[in-house]
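Have a look at the structure below, then the notes.
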Amino acid sequence: MSSKRRLTKQQQARIARHNQQRLDTSKQESSGDDDIYLAAEPGLILSRFGKHADVEAADGSVIRCNLRRTLNSVVTGDRVAFRRVRQSQGSVDGIIDAVAERDSVLLRPDFYDGLKPVAANIDRIVVVSAVLPEFSAQIIDRYLVAAEVTGIPPVLVLNKTDLLSDEQRHALQQQLELYSKLGYATLWLSAKRGEGMSALLQLLQEGTSILVGQSGVGKSSIMNAILPELALSTQQVSDVSGLGQHTTTASRLYHLPAGGQLIDSPGIREFGLWHFSPEQVTAGFVEFQPFLGRCKFRDCKHLKDPGCAILQAVTDGDISKQRYQSYLRILTSMAEDKPNHF
Ligand SMILES: Nc1nc2c(ncn2[C@@H]2O[C@H](COP(=O)(O)OP(=O)(O)OP(=O)(O)O)[C@@H](O)[C@H]2O)c(=O)[nH]1
Ligand SMILES: [Mg+2]
Ligand SMILES: [Zn+2]
């Protein structure tokens with residue numbers, strides 16, 4: 001928790017009560033600033049940047065709003081109550097009064113800033129990977145753990161398939177097969193050539209989905225392939241560092257022509273899992289589940305422990321070595337790199 005401003009339980013309860021009252025836009029009483037603002041309306045957060053957010057009203061118009069100071073977190077996908085200004089002055093045309101309780105939230109721990117919400121009310125996490133900058137099963141496994149623990153179903157998308165050599169094609173087909181055997185939806189895509197796009201659109205038709213993955217894998221390019229009129233900026237993976245350029249800086253929600261909403265999000269260098277316990281990470285590996293509780297020792301760490309049912313399953317080929325090694329690496333990195341505030 002941030003130490004900058006700690007509220008007492010009473011203050012928190014009062015803020016929550018006011019927040020709840022403000023959400024009911026049909027029953028607004030007049031407030032002190034009615035000379036500045038019009039009546040409250042329900043809205044959807046398309047994008048949040050610093051002290052501002054773009055809110056979509058029921059009529060489809062987009063209003064740039066300030067945030068009431070007591071709102072501690074507002075992100076893309078949040079449902080809010082907001083008011084338009086009576087008279088526009090400059091670029092900010094409204095204020096967000098309250099945020100509705102979230103059905104789901106994708107969180108990401110920031111090494112310096114603590115836990116940060118990426119987006120709210122998400123129905124699907126689309127994990128995008130590509131051979132350029134690099135294909136990393138480890139990053140996929142991290143997102144899968146987050147998806148399992150938060151209960152938001154994932155879809156694995158391999159983009160830039162136009163770049164694959166025959167050898168890479170074969171290896172990655174096997175990779176994706178490993179995941180589809182675990183029950184995950186997988187998709188082969190080329191945003192550049194438009195291949196696999198209609199299958200993707202069909203998957204995204206209902207609810208709100210978010211594109212996540214390393215910088216440079218082509219998230220914004222996928223958005224552009226769906227909605228060319230957006231003309232979102234995209235950038236080549238650097239020849240020097242071999243990394244993405246962190247082109248997208250804020251998440252933003254778009255409505256898809258065939259139905260559904262899709263959020264483009266900024267790529268991140270590493271998706272940390274410090275906010276989860278080791279037990280949650282274990283549970284995040286779906287194929288471990290039938291074996292949990294069957295180890296000889298109740299507090300088995302599934303490392304070298306004798307009588308470990310997970311290790312036995314790896315030996316028997318019921319759990320893939322790759323996934324088990326990935327699990328070990330995640331646990332080790334969680335213990336080693338953990339910043340103090342997690
Ligand atoms: N060959 C090929 N290149 C692609 C494809 N999709 C995207 N790219 C290229 O990959 C580079 C990075 O694409 P972006 O869309 O900016 O990647 P991003 O994931 O949005 O990156 P961040 O915003 O930094 O997180 C650009 O040069 C794109 O043209 C594809 O299907 N095939
Ligand atoms: Mg981008
Ligand atoms: Zn065990």
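Before moving on, here are some points about what is shown:
- On the chain, 48 percent of the accessible area sits on carbon and sulfur atoms, based on a 1.4 Å probe.
- Taking only Cα atoms of the stretch 105-264, radius of gyration then Dmax in Å: 15.0, 43
- With contacts taken as Cα pairs under 8 Å and at least 6 residues apart, the chain reaches a relative contact order of 14 percent.
- Contact order normalised by residue count of the stretch 55-196, Cα under 8 Å, 6+ apart, percent: 16 percent
- Ordering of 317-330, 264-277 by burial proxy (mean other Cβ atoms within 10 Å per residue, highest first): 264-277, 317-330
- Probing with 1.4 Å while keeping every protein chain in the model, the per residue accessible area of the stretch 119-265 equals 42 Å².
- Dimensionless Rg ratio for the stretch 9-99, taking C-alpha atoms and the 2.2 N^0.38 Å reference: 1.02
- Magnitude of the charge dipole for the chain, about its Cα centre and with charges confined to Cβ atoms of Lys, Arg (+1) and Asp, Glu (-1), is about 1040 debye.
- For the stretch 50-145, fraction of C-alpha pairs farther apart than 16 Å, in %: 66 percent
- Using all pairs of distinct alpha-carbon atoms, the Kirkwood hydrodynamic radius of the stretch 179-239 works out to 13.0 angstrom.
- Helical mean residue ellipticity (222 nm; -39500 (n - 2.57) per DSSP H run of 4+; nearest 500) of the chain: -8000 deg cm²/dmol
- Euclidean distance between Cα centres, the stretch 224-275 to the stretch 170-210, Å: 17 Å
- For the stretch 87-151, the list of chymotrypsin sites (Phe, Trp or Tyr not before Pro) that fall in a loop by DSSP and count at most 13 other C-beta atoms within 10 angstrom reads Y112.
- Cα-Cα pairs of the chain separated by more than 32 Å (percent): 39 percent
- Pairs with C-alpha atoms separated by more than 25 Å, drawn from the list K301/K338; K51/K116; K116/K181, are K116/K181.
- Charge sum, other residues only, whose C-beta stays under 14 Å from R329's C-beta, Lys/Arg counted +1 and Asp/Glu -1: -1
- Nitroxide proxy distance, nm - points 7 Å out along Cα→Cβ at S238 and K116: 1.8 nm
- D_trans [Stokes-Einstein, Kirkwood Rh over alpha-carbon pairs] for the stretch 263-325, 37 °C, 0.692 mPa s, µm² s⁻¹: 248 µm²/s
- For K321, the aspartates and glutamates whose Cα comes closer than 18 Å to its Cα, not counting residues fewer than 8 places off in the same chain, are D141, E177, E287, D305.
- Placing R0 at 35 angstrom, the Cβ-Cβ distance between E279 and Q174 gives a FRET efficiency of 0.70 after rounding to 0.05.
- In this rough spin-label picture, where each label sits 7 Å from Cα along the Cβ direction, the L163-T332 distance is 2.7 nm.
- Net charge over other residues, Cβ less than 10 angstrom from the Cβ of L311 (K, R count +1; D, E count -1): -1
The values are calculated or read from the model by the stated rules, or taken from the named source; none is laboratory data. Computed from a prediction, not measured in an experiment: that's the story for all the values here. Please note: Cβ atoms are built from the backbone with ideal geometry, for glycine as well, and neighbour counts cover all protein chains shown. Side chains are part of the model used for accessible areas, which takes the heavy atoms of the whole protein and leaves out ligands, DNA and RNA. Shrake-Rupley method; radii C 1.70, N 1.55, O 1.52, S 1.80 Å.
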